[in-house]
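Novice: One structure follows; several queries about it will come next.
The values are calculated or read from the model by the stated rules, or taken from the named source; none is laboratory data. The structure displayed is predicted, hence computed values, not measured ones. Cβ atoms come from the backbone with ideal geometry, glycine included; neighbour counts cover every protein chain shown.
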Ligand SMILES: Cc1cc2nc3c(=O)[nH]c(=O)nc-3n(C[C@H](O)[C@H](O)[C@H](O)COP(=O)(O)OP(=O)(O)OC[C@H]3O[C@@H](n4cnc5c(N)ncnc54)[C@H](O)[C@@H]3O)c2cc1C
């Protein structure tokens, strides 16, 4: 193996497992396989002899001249009426709302499934590629190609689980047609990088539907939550975004089905939140991501984590539109009353993801600063390395990073006591983080009071 290929990304633990490298390798020497952390990585099954470097050129975490800004600019800057915000990329229009028909089975307001289905029924695409449950305990979700709205609907919901695109991208290369594909920000970036270098992908992938993303999770995340929910036996299906009439959208639940047909569920507040917000089972590559809103996608769907919407148990979307084609489709859907959408200012969309933006901007800058100090070299990101000065935030980042490392190393399924022993390894860090959060809460009131007084003084000066 040599430095021209993807091995360096895998060895530096920067691979997100999208599979584009494996799909495009002209020699076909890469295969996507599970690594020990329950994430996908490309593995060389034969020697690479050409050193063409295509695998690196399409890798979303390799250093390139292109980034989400340059890719987004090339795709959308010339769209009449489009605007740009550094946190969100380009936006032609933004909406809040839902599709009544799709909402009950979807993650949020069902807009992603409505869009994909409508692209098919309107004849804009011939095929839709999205994730769907497999029923296979070894790989609970995968990307699939669908040609009917019924097929697309089987994919509704969020897969907080690794999925990789090598097979579906190979399928596109082998089968002419017009495709729409869903993806997280880094996956869409990989597709765009590949489209720059591959004519078939450029011509055939005609619509990209992005999902806003805070972080991915390994398969160990689902295994851990299943064990926490008391599931015994092999899980054959998981629904990551179950809704309950008596709960706000934010307190969703995971439901598990085992091969014996047993059903169990566990709510966000019963342990999912702890693992999610503390970055347990999050791939290392996510620490170096600076794209919240899938800036290279034609349209991006996300949760409406805003007052007035997040309390609605049925779920609602925010939708950020970049392509005129998608804008027309949505306008027609509103006119036909298929979707219930109101325009919303892009500032509100940005506000809805404040936590994720902090993580992918300020926290990223601090991580890059640390990495530079330790290794001298850091991945090339849109955010420059910068030391954060707030000791509380610095402690929080450091403790969560330690938990992320520990969780990735220590989880292995096998015995009933696994959850207990796993949690024991994290306990000292959880305790320290609780103390940090306690200090944060105590300091919040005086800080808010000072800010309030400063605002009053400023407005009195202007009167
Ligand atoms: C790992 C992950 C992290 C996320 N983080 C955030 C966040 O921080 N903030 C936020 O607001 N929203 C986040 N989302 C998006 C959110 O969970 C919903 O997917 C989004 O609101 C769309 O909801 P919907 O009802 O319109 O989608 P649905 O109608 O349920 O349709 C979703 C579509 O996306 C496809 N899909 C699901 N999971 C994946 C996946 N892993 N890769 C590719 N395609 C997929 C499905 O097949 C389906 O076609 C995240 C999603 C994922 C998968």
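Novice: Could you pull out the residue among 132, 159 that is outside any strand (DSSP E or B), under 17 Å from the mean Cα position of the chain (by Cα) and either under 22 Å from residue 216 (Cβ atoms) or not assigned by TED's automatic domain parsing to the domain that holds residue 252 (or both)?
Specialist: The conditions single out 159.
Novice: Quick check, is residue 164 more than 9 Å from the ligand (Cβ to nearest atom), without any contact (Cβ under 8 Å) to a residue 12 or more places away in the chain and on the phi < 0 side of the Ramachandran plot?
Specialist: So residue 164 fails the test.
Novice: Every residue in the stretch 143-156 that is closer than 24 Å to residue 25 by Cα and either part of a helix (DSSP H, G or I) or within 10 Å of the ligand (Cβ to nearest atom) (or both), please.
Specialist: The answer is 143, 144.
Novice: Turning to a different aspect of this structure: Here's a check for you: in the stretch 71-120, which residue that is more than 16 Å from the ligand (Cβ to nearest atom) and in a loop (DSSP other than H, G, I, E, B) is surrounded by the most Cβ atoms within 10 Å (Cβ to Cβ)?
Specialist: Step by step, filter the stretch 71-120, then rank; the result is 92.
Novice: Separate question: So if I check each of 136, 126, which one is free of Cβ contacts under 8 Å to residues at least 60 places away in the same chain, away from the ligand (no atom under 14 Å from the Cβ) and surrounded by fewer than 20 Cβ atoms within 10 Å (Cβ to Cβ)?
Specialist: Result: 126 is the single residue among 136, 126 that is free of Cβ contacts under 8 Å to residues at least 60 places away in the same chain, away from the ligand (no atom under 14 Å from the Cβ) and surrounded by fewer than 20 Cβ atoms within 10 Å (Cβ to Cβ).
Novice: Suppose the filter is closer than 17 Å to residue 38 by Cβ and surrounded by fewer than 12 Cβ atoms within 10 Å (Cβ to Cβ); does residue 409 pass it?
Specialist: Yes; evaluated as a whole, the condition is true for this residue.
Novice: Could you tell me how many of the residues in the stretch 46-68 are touching a residue at least 60 places away in the same chain (Cβ under 8 Å) and touching a strand residue (DSSP E or B) at 6+ places or on another chain (Cβ under 8 Å)?
Specialist: Result for the stretch 46-68: 1.
Novice: Something else: Exactly one condition in (1) part of a loop (DSSP other than H, G, I, E, B); (2) away from the ligand (no atom under 15 Å from the Cβ) is false for residue 315; which is it?
Specialist: For residue 315, the exception is condition (2).
Novice: Another question, if that's okay. Would you confirm whether any residue within the stretch 35-43 is surrounded by fewer than 19 Cβ atoms within 10 Å (Cβ to Cβ) and either outside the structural domain of residue 160 (by TED's automatic domain parsing) or more than 23 Å from residue 287 (Cα to Cα) (or both)?
Specialist: Within the stretch 35-43, none of the residues are surrounded by fewer than 19 Cβ atoms within 10 Å (Cβ to Cβ) and either outside the structural domain of residue 160 (by TED's automatic domain parsing) or more than 23 Å from residue 287 (Cα to Cα) (or both).
Novice: Applying the selection to the stretch 287-312, what residues are within 15 Å of the chain's Cα centre (by Cα) and away from the ligand (no atom under 13 Å from the Cβ)?
Specialist: 287, 288, 290, 295, 296
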